[in-house]
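Q: This is the structure I have questions about; it appears just below.
The values are calculated or read from the model by the stated rules, or taken from the named source; none is laboratory data. Values in this document were obtained by computation on a predicted structure and should not be read as measured data. A quick note on method: Cβ atoms are made from the backbone with ideal geometry, for glycine too, and the neighbour counts reach across all protein chains shown. Areas reflect the complete protein model, heavy atoms only, side chains present, ligands, DNA and RNA absent. Shrake-Rupley method; radii C 1.70, N 1.55, O 1.52, S 1.80 Å.
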Amino acid sequence: MKVLVAVKRVVDANVKVRVNAEQTDVDTANVKMALNPFCEIAVEQAIRLKEAGKATEVVVVTVGPAAAQEQLRTALALGADRALHVVHDQALEPLSIAKLLHAVQQKEQAQLLLLGKQSIDGDNNQTGQMLSALAKLPQATFVSDVELLDEQSIAVTREVDGGVQVLKLPLPAVLTADLRLNEPRYATLPNIMKAKRKPLETTDAAGLGVTLKAHQQIISVTPPAQRCAGVMVDSVEALIDKLKNEAKVI
């Protein structure tokens, strides 16, 4: 079974993000970049399936600028077998990324497609669902457990409001990883060195036969308003008065 894992390059989760001077996007100049945490969970799950003898190959793919190869090498160091880089310098919306991933899937013919449930920059939670629709494949989102039943089907546990839901899906299928699916491993130094020799193929939208167009435009990006300092009150009555007359929430 071949597993195709889509990953994204994002600002490191430990970095405090700032809006650029033009207020058109987040400032990424001289900022540490990393694998999107949910994508890292998806990579870990694919590797665990291979280690259990249930997957034969793990392929990672990303869409982004030339610098995104750094994150592909990270995924290779974690245990992926090979990587595919769809080079595109401009930021793309989820539908465009889904179209590119669909073209990659048509080429790779993977039996299982894994993505993070969302990226921590856009927080759209759309790419996996759109890919499923374009490829006409069954999907399970917010997955917290995966069990391969046989070569033709998979059972997944997904988190829903008020509990969990267990689904059985025919393969091939699209899964989006939730936070509780697993705990990603750290790349060891020997594996980081080995990753430099693993195959990494590059292509672009034209090479995949995909024509992209913008469906939306970002007008402006502004930081959230600064939070005011808290105030200590000496009684319940004073608290109610402030909530009613100042905050106006009751």
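Q: Would you please name the trypsin sites (Lys or Arg not before Pro) within the range 1-74 that are DSSP coil residues with at most 14 other C-beta atoms within 10 Å of their C-beta? Before the final figure, lay out the partial values.
A: Working: sites: Lys2, Lys8, Arg9, Lys16, Arg18, Lys32, Arg48, Lys50, Lys54, Arg73; in loops: Lys8, Lys16, Arg18, Lys32, Lys54.
Here the trypsin sites (Lys or Arg not before Pro) that fit, given the DSSP loop and packing criteria, are Lys16, Arg18, Lys32.
Q: Moving on. Expressed as a whole percent, how much of the Cα-Cα distance distribution for the range 142-250 exceeds 24 Å? Working shown, then result.
A: On the way: 4190 of 5886 pairs.
Here the long-distance tail beyond 24 Å is 71 percent of all Cα pairs in the range 142-250.
Q: If I build a Gaussian network model for the chain, linking alpha-carbon pairs within less than 10 angstrom, which residue out of Gln152, Gln105, Gln216 has the largest mean-square fluctuation?
A: Largest GNM mean-square fluctuation: Gln216.
Q: Sticking with this one: What is the P(r) of the range 95-160, as percent of Cα-Cα pairs per 5 Å bin from 0?
A: So the P(r) values, bin by bin, are 3, 15, 26, 25, 19, 9, 2, 0.
Q: Turning to a different aspect of this structure: Write down the percent of antiparallel bridges among all DSSP beta bridges whose residues are both part of the chain, to the nearest 5.
A: Numbers: 17 of 45 bridges.
Antiparallel bridges make up about 40 percent of those DSSP assigns within the chain.
Q: A further question on this structure: Take the Cα of Gln23, step 7 Å along the line toward its Cβ, and report every residue of the range 208-250 whose backbone nitrogen sits under 17 Å from that point.
A: 218-226
Q: Another question, then. Mark the label point 7 Å from the Cα of Ala66 along Cα→Cβ and return the residues of the range 74-96 whose backbone N is within less than 17 Å of it.
A: In the range 74-96, the label zone of Ala66 (backbone N under 17 Å from the point 7 Å along Cα→Cβ) covers 85-91.
Q: To check my understanding: the extent here is largest minus smallest coordinate of the Cα atoms along each principal axis. What are those three numbers for the range 1-53, in Å, largest first?
A: Cα spread of the range 1-53 along its principal axes, largest to smallest: 50, 18, 14 Å.
Q: Mind grabbing the base-10 log of I(q)/I(0) for the chain at q = 0.09, 0.10, 0.13, 0.16 Å⁻¹? Debye formula, identical points on the C-alpha positions, no solvent, two decimal places.
A: Treating every Cα as an identical point scatterer, log10 I(q)/I(0) equals -0.46, -0.55, -0.83, -1.16.
Q: How many times 2.2 N^0.38 Å is the alpha carbon radius of gyration of the range 24-105? Could you put the intermediate results ahead of the total?
A: Numbers: Rg = 13.8 Å, N = 82, 2.2 N^0.38 = 11.7 Å.
The range 24-105 yields a ratio of 1.18.
Q: Same structure again: Given a 1.4 angstrom probe, I'd like the percentage of the accessible area of the range 65-125 that is carbon and sulfur, rounded to a whole number. Don't jump to the answer; show the numbers that get you there.
A: Working: 1050 of 2310 Å².
Percent of accessible area from carbon and sulfur atoms in the range 65-125: 46.
Q: For each pair in Lys117/Lys248; Lys50/Lys196; Lys2/Lys168; Lys32/Lys196; Lys2/Lys196; Lys16/Lys54, compute the distance between the two Cα atoms and list the pairs where it is over 28 Å. Please list the in-between numbers first.
A: Values: Lys117/Lys248 36 Å; Lys50/Lys196 20 Å; Lys2/Lys168 19 Å; Lys32/Lys196 20 Å; Lys2/Lys196 22 Å; Lys16/Lys54 39 Å.
Cα-Cα > 28 Å for Lys117/Lys248; Lys16/Lys54; rest within.
Q: In addition: Running a GNM on the chain with Cα contacts under 10 Å, which residue among Ala29, Ala83, Ala225 ends up with the highest mean-square fluctuation?
A: Answer for the Gaussian network model of the chain: Ala225.
Q: If you don't mind, there's one more thing I want to ask. Where q = 0.20 Å⁻¹, what log10 of I(q)/I(0) comes from the Debye formula for the range 59-179, counting one point per Cα?
A: Scattering profile of the range 59-179, log10 relative to I(0): -1.25.
Q: Figure the gain on full extension for Arg197 and Asp241 (residue separation times 0.36 nm, minus the Cα-Cα span) and round it to one decimal in nm. Before the final figure, lay out each step's value.
A: On the way: separation 44, 0.36 × 44 = 15.84 nm, distance 6.66 nm.
My answer for the length gained is 9.2 nm.
Q: In whole Hz and in residue order, list the ³J(HN,Hα) couplings for the range 223-233 that follow from phi through the Karplus curve 6.51 cos²θ - 1.76 cosθ + 1.60, θ = phi - 60°; x for Gly and Pro.
A: Residue by residue, the range 223-233 yields x, x, 5, 5, 6, 6, 5, x, 10, 7, 10 Hz.
Q: Here's another thing I want to ask about it. Given springs between every Cα pair under 10 Å in a Gaussian network model of the chain, which of Thr56, Thr127, Thr74 has the largest fluctuation?
A: Checking each option, the largest mean-square fluctuation is seen for Thr56.
Q: Could you order Val231, Val210 by accessible surface area, starting with the largest, using a probe radius of 1.4 Å?
A: Details: Val231 105, Val210 25 Å².
From most accessible down to least: Val231, Val210.
Q: Keeping all protein chains in the complex and leaving out DNA, RNA and ligands, what accessible area do you get for Asp150 with a 1.4 Å probe, in Å² to the nearest 10?
A: For Asp150, solvent-accessible area is about 80 Å².
Q: Still on this structure: Can you tell me the length gained on complete extension of the stretch Ala229 to Leu189, counting 0.36 nm per residue apart and subtracting the Cα distance? Provide the component values of the computation, followed by the final result.
A: On the way: separation 40, 0.36 × 40 = 14.40 nm, distance 4.52 nm.
The Ala229-Leu189 span can extend by a further 9.9 nm.
Q: Which GluC sites (Glu not before Pro) from the range 140-242 combine a DSSP loop assignment with at most 15 other Cβ atoms within 10 Å?
A: On the way: sites: Glu147, Glu151, Glu159, Glu201, Glu237; in loops: Glu151.
In loop regions of the range 140-242 (DSSP not H, G, I, E or B), the sparsely surrounded GluC sites (Glu not before Pro) are Glu151.
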